1. Express the relative contact order of the chain as a whole percentage, based on alpha carbon pairs under 8 Å and six or more residues apart in sequence.
2. Helix-only mean residue ellipticity at 222 nm, the chain, DSSP H runs n ≥ 4 weighted -39,500 (n - 2.57), per residue, nearest 500. What is it?
3. Could you tally the net charge around Arg107, taking each other residue with its Cβ under 15 Å from the Cβ of Arg107, Lys/Arg +1 and Asp/Glu -1?
4. Put a dot 7 Å past each Cα toward the Cβ at Arg53 and Val110; how far apart are the dots in nm?
5. Can you bin the chain into rounded, prolate or oblate? Criterion: square roots of the alpha carbon gyration tensor eigenvalues sorted a ≥ b ≥ c, rounded for a/c under 1.5, prolate for a/b above b/c, oblate for the rest.
6. For a label point 7 angstrom out from the Cα of Asp215 toward its Cβ, which stretches of segment 221-255 have the backbone nitrogen within less than 18 Å?
7. Rounded, prolate or oblate: which fits segment 2-115 when a ≥ b ≥ c are the square roots of the eigenvalues of the alpha-carbon gyration tensor, with rounded for a/c under 1.5 and prolate only if a/b beats b/c?
8. Do you know the relative contact order of segment 201-321, to the nearest whole percent, from alpha carbon pairs under 8 angstrom that are 6+ apart?
Amino acid sequence: MDLPVPNPLKPMLARAEREVPEGDLLYEPKWDGFRCLVFRDGAELLLQSRNGRRLTRYFPELVDPLLEQLPDRCVLDGELVVVGPAGLDFELLSDRIQPSAGQIARRSGVSPASYVAFDLIALDDRDLRDDPLRERRALLADLLAEARAPLHLTPSTDDPDRARAWFDRFVGAGFDGVVAKPLDGTYVSDKRVQIKVKHHRTIECVVGGYVPHKDGGVGSLLLGLLGGAPPTLRRTGACSAFSSAKRRTMAAELSSHVVDEVDHPWSAGDDAPDAGWVPLDCSLVVEVTCENADDGVLRHPARFVRWRPDRSPGSCSVDQLDAPTPVEFTELFGQSDA
């Protein structure tokens, strides 16, 4: 492609902070999808991941809409997402990466992707990376003023109070927190010059077992939450990152709760852990912090906070992971709660 920016181009990154910052900043929702650069040069269109992987073949349904709506020569930064009935569905998005053309075609019809743009890197013969964000955003807003699905312009604000309100409400439904970007900042590839503020929810889970560490003791706790009718204990995720001393101490604490695997609710079926786990009697409750969850399953390991002897296993419901769909989701994608 004959564009005024290098290819592959590494996107700008963000560092994590705990609170929404103030200053001369532009705030945007943090999307729960695949970071994606879009390169368009005439009839050529390229979707590229943050690490330079070509994604175009996996999302063929986006090619014609983007060619129809984007100018002949441009480079955009944004996020690939899959819209479900009550939010973005990261699992469906991940399932789009398939080896065969037939699988890709079927999934593109069943779970079509959308593209949410949040930066403009090049337009016509202009390399915009040295231009301040406030000017790039204005150009992008003009460019996508009449954008139609599956192409969207991300919401934004320069009001920190509104950004904090967003952060309070953007839990689940594909909103993963808030990103803050300096309005006078240039586009600096592969540098953490932006700020991301992600949610860390606290939940209580049943400890259904553990996986031993290779050096002894507890490597990770296997967590469960009650869901369904009648309620059953579903395997929800894991809690890990213990010190060597904590691993040994925890193994001793759990020894009196070890049971035979055949008597355990996870002994078979979809919740059955891999070989080598140690089943427990499901009487212990632990408080953990976690980030994203898909359909009641944690996407990343949780972090141990404390044991909760005051909580009964029956109180550990999957409903703890529920969150109302923000109105901004409905405004952008035209969806409603399931």
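1. 19
2. Result for the chain, helices only: -5000 deg cm²/dmol.
3. Values: positive: Arg57, Arg96, Arg106; negative: Glu61, Asp89, Glu91, Asp95.
Net local charge, Arg107 excluded: -1.
4. 2.0
5. Prolate, because a/c is 1.5 or more and a/b exceeds b/c.
6. Zone members listed by number: 221, 240-252.
7. Note, shape of segment 2-115 comes out oblate.
8. The value is 33 percent.
Read-outs: derived from the displayed coordinates by stated rules, not from any lab. Quantities reported herein were computed from a predicted structural model and do not represent experimental measurements. We place every Cβ from the backbone using ideal geometry, glycine too, and count neighbours over all the protein chains shown.
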